[in-house]
Each structure stands twice: as structure tokens, then as C-alpha cells.
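Here the structure is laid out as C-alpha cells; the discussion comes afterwards.
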Amino acid sequence: MWSIVRKDLAIERRTGEMLSSLLLLALLVVLLFAFSLEPERLRGAEFVAGILWTTLLLAGTLALNRSFVLEREAGAWTALALCPLDRGSIYLGKTIANLIFLLVAAVLLLPLLALFLGTTGIAPSWLLPASIVLGTAGFAAVGTLFSAMASRTRAREVLLPLLSFPILAPLLIAAARTTAAGLVGEPLEHVSAWLVLLGAFDLVFLTAGWLTFDYVLEE
Amino acid sequence: MARPACDGETPIRARALRKAYGLLPVLRGIDLDVERGSFVALLGANGAGKSTLLRLLAGVTRASGGSLEILGADCHPGRPEPAVLARIGFVAHEPLVYRDLTVRQNLAFFADLYGVGRDRAERAARVQAAIDSVRLERNAERAARNLSRGTLQRLALARASLHEPEILLLDEPFAGLDAPGRDRFAASLENLHRAGTTLAMVSHDLGEVAALATRAIVLRDGRLVADFSPVPPQGELRARYRALVDDDPEGSQVTGDVVDRP
């Protein structure tokens with residue numbers, strides 16, 4: 001599993017394609033929001049959290065697609081499928097690597113959002129990193145599974161969002177709500193149910209991906 | 001528990017092996033025993049089922065029916081267990097490597113997944129030995145993306161033989177190679193065969209088959225229609241092979257089970 005994570009990080013170190021495209025698209029989306037919506041309304045924590053997660057979802061989908069194009073290129077995916085290891089661990093390795101890219105993007109995106117939207121009244125609590133880690137983990141879990149499925153089709157760029165966005169809707173709502181709470185230091189009791197939902201979502205989809213990846217890899 | 005006889009002298013055993021993609025039958029009942037240490041060539045027109053048979057043996061895809069034993073393990077209806085996969089190598093049309101990693105990084109990655117060597121130092125030594133064995137020393141630090149077709153194919157062979165598999169499966173490994181590239185690749189295969197590896201190779205090149213293989217089987221429309229063991233000289237092989245496939249306008253029409261076993 002960790003070999004797959006190291007391999008994906010090594011490819012990214014050599015090419016820089018995934019993070020650079022993810023960050024550039026994220027920056028564009030943030031700028032579009034900043035220019036197209038009323039500035040005064042954008043400054044609230046709810047808007048910052050909503051824009052952060054919408055941006056991550058759009059840019060992250062592109063990065064997840066790219067992650068499996070790399071695997072399909074030159075048939076490396078077949079060599080991976082033939083290795084004597086549990087296919088669930090291939091899924092976990094790919095998910096962890098994608099999670100790292102999404103986390104890096106989220107960490108870089110937050111200050112950008114604050115800068116471009118002129119957000120005030122921010123008093124972050126531990127809920128902020130917790131919501132980002134749990135939210136990106138769920139996104140990586142679903143995105144990795146569906147991008148592996150979609151990568152076998154010619155319409156993969158369209159298929160991935162079509163498959164994953166409806167499933168990611170509850171995650172997006174819960175992540176945006178807990179991130180907003182984390183940005184202004186709201187007490188845990190206000191968002192504990194959302195946090196539990198995030199954790200349960202992660203657990204369910206990580207388990208589902210681990211169990212079903214054998215069939216996803218099948219020709 | 002006693003191991004089935006298949007694992008001893010017959011590492012590959014297929015009985016009535018069938019494969020269909022949806023409603024399209026590709027293999028229509030293959031019976032095949034491959035002896036340990038043999039070099040079997042799979043011949044046939046396009047669409048005859050050669051590559052599908054090889055991919056079934058490699059565990060890339062699952063059979064639709066019949067039975068398949070690889071190294072003593074039953075591989076149908078499931079896929080080969082990791083312990084069996086660890087003893088098989090596969091070279092396809094494509095190099096099956098990561099184009100953005102260097103030759104050494106690719107081999108180190110797959111060495112890691114196959115658990116090659118007891119520690120990092122031994123693993124690095126095995127990777128270096130694999131690089132040397134296919135004469136890739138000068139390209140070791142180059143990204144696979146920048147390698148020529150012939151060099152990529154030697155990298156593919158190094159990847160597939162890195163873990164010293166007992167069975168090496170090759171799908172048209174000579175396709176796209178220039179003459180020196182073919183010679184170097186053929187020499188590497190001969191070395192593996194001499195070392196006792198069982199090889200099965202899909203090929204359209206009867207010259208390479210006559211020079212390298214100890215046995216050649218011919219597939220036609222998903223059926224095994226001829227079995228040459230030993231492989232006759234190139235001219236005779238060509239004549240006998242053409243007699244089997246040239247009357248087939250589609251390259252794969254069924255005219256009956258014409259099994260030729262000299």
C-alpha cells in the first residue's frame with residue numbers, strides 16, 4: 001500500500017502535473033466566485049466554507065481523473081493488477097495518495113480564499129483541520145473508486161462527476177457546515193452530528209472501495 | 001496436503017477452457033498442458049483467441065468456463081492467488097510501466113510489490129542485476145517516456161522477470177522492434193529459457209518461433225487446431241501453418257476441429 005503512495009508521490013515530484021492543475025483550476029474558480037458574487041456577502045464563514053468545498057470538488061475531480069490516466073497509460077494498471085497483493089490495498093494506496101494531494105490543495109486554498117474574499121472575523125478552532133481531513137478523506141475514497149471505474153471508458157471526464165457528485169452531496173453539505181463552524185470557532189455541540197456524518201461517510205466508502213476494488217480492476 | 005501433479009512437470013493445465021466477452025465467444029474449449037521448462041509459441045490469425053488465452057493464464061481476466069490450473073492452483077472461477085501471481089511474469093504489447101518514472105524507479109517499485117529481496121540493499125542489488133541483464137545500464141536514470149520502443153520492451157522484460165518467475169507469458173514481444181532490438185530481446189529470452197523458466201509467447205513471427213520455441217500451438221476461432229512439438233524448421237512451419245489459416249477469409253472462421261499433432 002505504501003509503495004503505491006510513494007510511487008504516486010514520486011510521479012508528482014517528477015511531473016508536478018496533478019497539483020499544479022488542481023491549484024490553477026482552484027484559483028480560477030475562487031476568482032470567478034470573487035468577481036461574480038457580491039463581495040459583502042462572500043465574507044461570512046458559511047460562504048468561505050461553501051466556496052472552499054465547491055472549489056475542491058471541481059478541481060479535485062480533475063486531479064482524480066488524472067490520477068487514473070497515469071495508471072492506464074502504457075498499461076501500468078495491468079502490471080499493478082498482476083502483482084501478488086490484495087487489490088484492496090491498491091485502492092487504499094491510491095486513496096491515500098489522492099488524499100495527500102487534496103489536503104495540500106485545501107491547505108493552500110484556505111489562505112487564498114481569505115485573501116481574495118477579504119474574509120474577516122476568522123477564529124479557527126480544531127474543527128477546521130478536522131473537517132478538512134474528514135471531508136477530503138471521503139472525497140478521496142469516493143473519487144478514487146469512481147475514477148478507477150470511469151478510467152476504463154472514453155467518457156471518463158464526464159462520467160466521474162456524473163457518478164460521484166450525487167453520492168458526494170451529503171459529504172459536501174456536512175464538510176461545508178463543519179468547516180464554517182471551524183472557521184469561527186463554534187462549539188463542537190453545534191456541529192457534532194455533521195462531524196459524525198463525515199466520519200461515517202468516510203468509513204462506509206473506504207470499506208466499500210476496499211471490498212469492491214477487486215471487481216473494478218477486473219477486465 | 002499433496003500438491004496436484006500439475007505443479008510438478010505441468011505448470012499450466014487447461015481443460016475445456018472457455019472465455020466469452022458478453023455473448024461473443026473468444027475461446028471455445030481449450031485443452032492444453034504446458035510442460036515445465038518448455039517454450040510454447042501461440043500462433044493464429046488475428047481474433048483467434050491467442051492473446052485472450054495468454055491473459056487468462058496471466059490472471060488478467062477470468063475464464064467463463066472449463067478449468068484452469070496454474071502451478072497447481074485452481075484458477076477458475078476466481079483469479080490466481082497472490083502466491084501464484086508471484087510466480088508468473090507477463091510481457092504485453094504495451095510495456096506495462098509508468099512512463100513518468102525512470103527505469104530504476106519502475107523496477108524498484110515493482111520489486112517492492114513483489115517482495116523481491118530480503119532488505120533494501122538486496123532489493124537494490126536485484127534491480128541493478130535486472131537492469132544489467134537487459135543491458136539498460138545507460139538508460140537506468142531516464143524516464144520511460146523518453147525510451148525507444150526496443151528499450152521499453154527490454155524494460156518490460158526486466159520488470160516481468162525481476163521476481164524470477166517460473167512462468168513467463170509474452171504477448172507479441174517482438175512487435176515494433178528493429179533488427180538489433182529483436183536480437184537483443186531474443187537473447188534475453190534464450191537466457192531465461194536456459195535458466196529453466198517456462199515461456200509461453202504469442203507471436204506472428206514464424207522465424208522467431210522456429211528459432212526460439214520448443215513447441216508451437218495454433219489457435220483458430222477460439223479452438224486449438226494444431227500442436228507442433230518439436231517445432232519444425234521455419235519453412236515447414238510456415239507451410240503447415242498457412243495450410244491451417246490461409247483458407248480462412250476472416251482469419252478465424254470455423255471449419256471444424258482439425259487437430260494436427262505430429
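The values are calculated or read from the model by the stated rules, or taken from the named source; none is laboratory data. Please read these numbers as outputs of a predicted model, since none were measured by experiment. All Cβ positions, glycine included, derive from the backbone under ideal geometry; neighbour counts span all protein chains shown. Each accessible area value is taken on the protein alone, full model and side chains, heavy atoms only, with ligands, DNA and RNA left out. Shrake-Rupley method; radii C 1.70, N 1.55, O 1.52, S 1.80 Å.
Below are the figures for this structure:
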| read-out | value |
| --- | --- |
| Single residue of the stretch B:5-28 satisfying the filter (in a loop (DSSP other than H, G, I, E, B) and in contact with a Lys or Arg (Cβ under 8 Å, 6 or more places away or on another chain)) that is surrounded by the most Cβ atoms within 10 Å (Cβ to Cβ) | B:Pro11 |
| Qualifying residues in the stretch A:125-152 (those that are assigned to a loop (DSSP other than H, G, I, E, B) and at pLDDT 80 or above) - the one most open to solvent (accessible area, probe 1.4 Å) | A:Trp126 |
| Criterion (within 24 Å of B:Phe185 (Cβ to Cβ) and modelled with pLDDT under 90) met by exactly one of B:Arg135, B:Arg87 | B:Arg135 |
| Subset of the stretch A:55-81 (residues that are open to solvent by less than 10 Å² (accessible area, probe 1.4 Å) and of a type in the set (Asp, Glu)) | A:Glu71 |
| Residue selected from the stretch B:92-104 under the condition open to solvent by less than 10 Å² (accessible area, probe 1.4 Å) and at the interface with chain A (Cβ under 7 Å from one of its Cβ atoms), by the criterion farthest from the chain's Cα centre (by Cα) | B:Leu101 |
| Tally of residues being charged (D, E, K, R) and either open to solvent by less than 10 Å² (accessible area, probe 1.4 Å) or part of a strand (DSSP E or B) (or both) across the stretch B:29-49 | 2 |
| Odd one out for B:Leu107, checked against (1) assigned to a helix (DSSP H, G or I); (2) surrounded by fewer than 23 Cβ atoms within 10 Å (Cβ to Cβ); (3) of a type outside the set (Asp, Glu); (4) under 21 Å from the mean Cα position of the chain (by Cα) | (2) |
| Among (1) open to solvent by 10 Å² or more (accessible area, probe 1.4 Å); (2) away from every other protein chain (no Cβ under 14 Å) - the single one A:Leu52 does not satisfy | (1) |
| Selection count where residues are under 21 Å from the mean Cα position of the chain (by Cα) and either in a helix (DSSP H, G or I) or surrounded by 21 or more Cβ atoms within 10 Å (Cβ to Cβ) (or both), scope the stretch B:121-164 | 19 |
| Selection count, the stretch B:175-209, where residues are out of contact with any Gly (no Cβ under 7 Å at 6 or more places or on another chain) and outside any loop (DSSP other than H, G, I, E, B) | 23 |
| Among (1) closer than 19 Å to B:Val60 by Cβ; (2) out of contact with any strand residue (DSSP E or B) (no Cβ under 7 Å at 6 or more places or on another chain), the one test that B:Glu164 misses | (1) |
| Residue in the stretch A:121-142 that is within 14 Å of another protein chain (Cβ to nearest Cβ) and within 17 Å of the chain's Cα centre (by Cα) present | no |
| Verdict on B:Gly89 being closer than 18 Å to B:Glu164 by Cβ, more than 7 Å from chain A (Cβ to nearest Cβ) and touching a residue at least 40 places away in the same chain (Cβ under 8 Å) | yes |
| Of the criteria (1) in contact with a Lys or Arg (Cβ under 6 Å, 6 or more places away or on another chain); (2) open to solvent by less than 20 Å² (accessible area, probe 1.4 Å); (3) free of Cβ contacts under 8 Å to residues at least 40 places away in the same chain, which one B:Gly176 fails | (2) |
| Residues that are within 14 Å of chain B (Cβ to nearest Cβ), free of Cβ contacts under 8 Å to residues at least 60 places away in the same chain and β-branched (Val, Ile, Thr), drawn from the stretch A:55-93 | A:Thr78 |
| Failed item in (1) out of contact with any strand residue (DSSP E or B) (no Cβ under 7 Å at 6 or more places or on another chain); (2) more than 12 Å from every other protein chain (Cβ to nearest Cβ), with B:Gly49 passing the rest | (1) |
